[in-house]
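The values are calculated or read from the model by the stated rules, or taken from the named source; none is laboratory data. The model shown is predicted, which means the values in this text are computed figures rather than measured ones. Glycine also receives a Cβ, built like all others from the backbone with ideal geometry; neighbour counts cover every protein chain displayed. Heavy atoms of the whole protein, side chains included, go into the accessibility calculation; ligands, DNA and RNA do not. Shrake-Rupley method; radii C 1.70, N 1.55, O 1.52, S 1.80 Å.
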Amino acid sequence: MPECSQPKPNFFIVGAAQSGTTSLWMYLKQHPDVFMPETIDLKELAYFCYLNGIKDYNKHLSIFEKSHGMKAVGEASHAYLTSPESATWIKDFNPLAKIIIILRNPIERAHSLYNWMISEGYEWIYPFEKALRMEQKRLEDERFKHCNPEYWYNYLYFNSGLYSKQFQRYINVFPKKQVYVLLLEDLKENPISTIQQLYSFLEVDSSFTPNDLNVYNAKKVPKSVKLQFFAKQRLHKYLLKLRVPCTNKIQNAILKINCVDSNSRIRHLNIDSATAEKLQDNYREDIDKTSKIINRDLRSWHS
């Protein structure tokens, strides 16, 4: 990559998806000595990722132009945890970069990721169990890997929750002192102390308390998975062909009306107990490996 005098990121929130990366982004960027892309549409830059994100080096750096004088300059892209190449690419870009990884019970995370995918209109398979059964086929399908509406690894609900190998990639190329791991439980149970420990890791004033500690990425799911997918992926082109005015407004209205929040009893929101038990069995070995690697007790994830 070419040398450039522009400021560049010196820390990265690398995932996992649906584990609190948006909340971390919101809490960290409130600190006066921390710079992160300001708006949610710039949160997931994913430049250091083959299958996703911005591809232009200068465009990526231009997002950090206003960070002159800031001690900690960062970005948050969950794709960096699942993408095999990301750890090495980030190391080549900035060997001194600090890495932040936030993990969540993989069973809960897999189902939450599925709910996010159907709510955003990226997933057309229903229910969750069927999507899980399709995963091996998607994993082996090279065409699907490159031709789908979203980031490929987000369709791998089970495999993207196998944390041990993902985490190992980072400690293979970065010194452990540059890698900070926390759990979503930490953020929920002790948000202020958790975020202040992160400030300390980033070497900025750890006594600062963010004003906004709301939870972001609140759970919403569609009433109809097929309608949500059609509205997101095909409706706009269909309306344009028919020369219907206000296509964007119609599309957005349907997407919004078809979604409900977590107060609803819609069945997408809750994982089937039998499915949860099967996932626990399948994740057990990897949870134990992850526990040893990060030196945290993860036995609660088994139950």
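Values computed for the structure shown
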{"item": "Complete set of residues in the range 219-247 that are in a helix (DSSP H, G or I), open to solvent by 80 Å² or more (accessible area, probe 1.4 Å) and touching a helix residue (DSSP H, G or I) at 6+ places or on another chain (Cβ under 7 Å)", "result": "240"}
{"item": "The lone exception for residue 114 - which of (1) assigned to a helix (DSSP H, G or I); (2) open to solvent by 40 Å² or more (accessible area, probe 1.4 Å) it fails", "result": "(2)"}
{"item": "Meets criteria (in a loop (DSSP other than H, G, I, E, B) and touching a Ser or Thr at 6+ places or on another chain (Cβ under 7 Å)) for residue 216", "result": "yes"}
{"item": "Members of the range 94-111 found to be assigned to a helix (DSSP H, G or I) and under 19 Å from residue 169 (Cβ atoms), listed by number", "result": "106, 109"}
{"item": "Residue, farthest from residue 108 (Cα to Cα), within the range 274-292, restricted to residues that are more than 21 Å from the chain's Cα centre (by Cα) and without any contact (Cβ under 8 Å) to a residue 60 or more places away in the chain", "result": "292"}
{"item": "Residue 210 vs. criteria open to solvent by less than 50 Å² (accessible area, probe 1.4 Å), modelled with pLDDT of 90 or more and either on the phi > 0 side of the Ramachandran plot or in contact with a Ser or Thr (Cβ under 9 Å, 6 or more places away or on another chain) (or both)", "result": "no"}
{"item": "Residue in the range 140-184 that is farthest from residue 271 (Cα to Cα), counting only those that are open to solvent by less than 30 Å² (accessible area, probe 1.4 Å) and not in a helix (DSSP H, G or I)", "result": "174"}
{"item": "Count - residues of the range 118-138 that are part of a helix (DSSP H, G or I) and either among the acidic types (Asp, Glu) or without any contact (Cβ under 8 Å) to a residue 40 or more places away in the chain (or both)", "result": "9"}
{"item": "Residue selected from the range 10-36 under the condition more than 19 Å from residue 183 (Cβ to Cβ) and in contact with a helix residue (DSSP H, G or I) (Cβ under 8 Å, 6 or more places away or on another chain), by the criterion most open to solvent (accessible area, probe 1.4 Å)", "result": "35"}
{"item": "Subset of the range 157-203 [polar (S, T, N, Q) and either free of Cβ contacts under 8 Å to residues at least 60 places away in the same chain or within 30 Å of residue 124 (Cβ to Cβ) (or both)]", "result": "159, 160, 166, 190, 193, 194, 196, 197, 200"}
{"item": "Odd one out for residue 119 among (1) at pLDDT 95 or above; (2) crowded, with 21+ Cβ neighbours inside 10 Å", "result": "(1)"}
{"item": "Among the candidates 91, 55, 59, residue that is assigned to a loop (DSSP other than H, G, I, E, B), among the basic types (Lys, Arg) and either closer than 28 Å to residue 130 by Cα or out of contact with any strand residue (DSSP E or B) (no Cβ under 7 Å at 6 or more places or on another chain) (or both)", "result": "55"}
